[in-house]
Amino acid sequence: MNGYFRLIHQEGKTGIRLVPPMGGGDALSANEVTEYLGSKDIRFDKNALYKAVGEAASEERIILLEKRTTPVERECYKLTVTPDNMKAYVRFYAPSIGGTEMTPEELINDLQVRGIRHGILKNRIEARYKTRREYCKDILVAQGTEPVHGTDASIEYYFNTDKKAKPALKEDGSVDFFQLNVVQHCNKGDVLAKLIPEDPGEYGMNLFGERLKPRDVKKAVLKYGNNIEISEDNTTLTSTVNGHVELVEDSVFVSDVLIVENVDTSTGNIDYDGSVQVNGNVCTNFEVKAKGDIEIRGVVEGALIEAGGNIVIARGMNGMGRGKLKADGNIIAKFLQSVDAEAGGYIASESILHSTIMAGTEVNVDGRRGFITGGKVSAVNCINVKTLGSSMGADTTVEVGSDPNMIRRVKELQKQVEDEKEEIQSIQQILISMKQKIAKGMKLTPEQMQYVQTLANANQQKAANISKNVEEIESLQGQLKGKDGACVIVRDTVYPGTRIFIGDVSMTVQKESQYCRFVKSRGDVKLTGI
């Protein structure tokens, strides 16, 4: 119980009784006592009062306040409302000797008069009057209702939406190219996605009856394309065909998968809007193009394979110097030999031999063999290989830190600049010839004048194009200086003669090294340990 005070009224005198705390309660505050006396217009000796309050921390004290009898005081209270208007506390002060106590009904009515219309804790107030009364202690008598915040709508997908799946390394050291689950097959009747609607929550209310709005929640809708039906309540997507499902910019798409045994004279070239699955081989000179994924479970010879998604070749590709792979996503093949391959994502293989490889993120050559020998292999971020180069001196180049698409764009722009310079030179020769004829007194016909004007306009436009392209070339070349953190990791052996480019710096390996990493440091290529 906290320490408290009580006024004492005797004939011709007014005093105060100061009661010490009990059971670990708080001691009296001198400021609280003086504030109360001031509100009752009772005069007192401040120094004497402060001294007595300090002594009352351990024993009861009674002191004289003034030599007159002040009016008898009833039990009263001080009301405190928290700044957010969600809680109200009452601090009771004892009646003077002979004074009356407040009733619970009186307190409740008083709170309502003060504007507290919601959350009055009547049971707690009434319980206070049934037990030993405590004074100079904050008692919670009213509490507002907090708003119940709802939850955002969400969508649960029943297929793998992560397009970064990589082949797993098996216990024997080989890479499992058959169980990749890169192509997300679905069957007619499969549930593809479910919408869990938003919960708007519930309004709250403060002590003064003002409504408190819960936080705003996000709504969601199921977006989908062809070959999908939505339930009547708009919460479930179901496939209507056997095919391939994927998530593209928050929309679910199902495309029929074209399945063939082999790509040869029995099928001709394939150009398909969905995904393609080849159970066998793709023969030389044939083409397989798909807007989705291409999965080939056999071998690819000197063919052209283009995919808007991923390319997976379970048994590898011998391109015979004319085979090409191009994927907006990733390329995964057991081996790549004499192949020109380009991926917007990563390229993974067990071996790369005499090929030109370009990856938008990284190249991983893993498995029991895990070598890159001959050709040129490029990646923006990292090349991770077991064996790099060859003891036989095969010309091997690896390059990281520059975007292959950026390099291609620079070459395209440089060719455009050269072509337009040649065209400008031809136009200027004609314009000079016309100018010389006019100087000799030759009069041009209206058609000739129009022709000259057209050439002059073309000359001006091509000059502007050259200036614009040169500016873009310079900007791209600045960006081609190297990506921070780009590296080449060799987990076994790198052989002498191998050329390594990192951004705009390079080195030729001079001696055989093992378990090393090549990074760009202080304007040079450095060899460090793994």
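The values are calculated or read from the model by the stated rules, or taken from the named source; none is laboratory data. None of the values given here were measured: they were computed from a predicted structure. Please note: Cβ atoms are built from the backbone with ideal geometry, for glycine as well, and neighbour counts cover all protein chains shown.
Some notes on this structure:
- All positions within the stretch 200-245 that are without any contact (Cβ under 8 Å) to a residue 12 or more places away in the chain, charged (D, E, K, R) and either touching a Ser or Thr at 6+ places or on another chain (Cβ under 8 Å) or under 29 Å from residue 309 (Cα atoms) (or both): 229
- Residue within the stretch 36-47 that is surrounded by 14 or more Cβ atoms within 10 Å (Cβ to Cβ), in a loop (DSSP other than H, G, I, E, B) and either of a type in the set (D, E, K, R) or without any contact (Cβ under 8 Å) to a residue 12 or more places away in the chain (or both) present: yes
This table checks each residue for (1) in contact with a helix residue (DSSP H, G or I) (Cβ under 9 Å, 6 or more places away or on another chain); (2) in a strand (DSSP E or B).
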site: 74; (1), (2): no, no
site: 85; (1), (2): no, no
site: 92; (1), (2): yes, yes
site: 118; (1), (2): no, no
site: 126; (1), (2): yes, no
site: 129; (1), (2): yes, no
site: 142; (1), (2): yes, yes
site: 160; (1), (2): no, no
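- Subset of the stretch 94-116 [assigned to a helix (DSSP H, G or I) and touching an Asp or Glu at 6+ places or on another chain (Cβ under 8 Å)]: 104
- From the options 221, 245, 241, 217, residue that is assigned by TED's automatic domain parsing to the domain that holds residue 158 and in contact with a Gly (Cβ under 6 Å, 6 or more places away or on another chain): 217
- Qualifying residues in the stretch 198-214 (those that are loosely packed, with under 15 Cβ neighbours inside 10 Å and out of contact with any Gly (no Cβ under 6 Å at 6 or more places or on another chain)) - the one nearest to residue 157 (Cα to Cα): 202
- Selection from the stretch 481-527 of residues that are over 19 Å from residue 389 (Cα atoms), surrounded by fewer than 16 Cβ atoms within 10 Å (Cβ to Cβ) and out of contact with any Lys or Arg (no Cβ under 6 Å at 6 or more places or on another chain): 481, 484, 485, 521, 522, 523, 524
- Exclusive hit being without any contact (Cβ under 8 Å) to a residue 24 or more places away in the chain, in contact with a strand residue (DSSP E or B) (Cβ under 6 Å, 6 or more places away or on another chain) and farther than 23 Å from residue 348 by Cα, set 271, 264, 250, 256: 271
- If you check 373, 361 for being among the hydroxyl-bearing types (Ser, Thr, Tyr) and under 24 Å from residue 495 (Cα atoms), only one passes: 373.
- The single residue among 226, 242 that is at pLDDT below 90 and surrounded by fewer than 16 Cβ atoms within 10 Å (Cβ to Cβ) turns out to be 226.
- Some residue of the stretch 173-187 being assigned to a strand (DSSP E or B) and at pLDDT 75 or above: yes
- Any hit, the stretch 128-149, residues being without any contact (Cβ under 8 Å) to a residue 24 or more places away in the chain and of a type in the set (Asp, Glu): no
- Residue in the stretch 216-264 that is nearest to the chain's Cα centre (by Cα), counting only those that are among the small types (Gly, Ala, Ser) and in a strand (DSSP E or B): 251
- Contacts under 9 angstrom Cβ, first residue in the stretch 20-32 being in a loop (DSSP other than H, G, I, E, B), partner basic (Lys, Arg), 6 or more apart: 20/61; 25/137; 26/137
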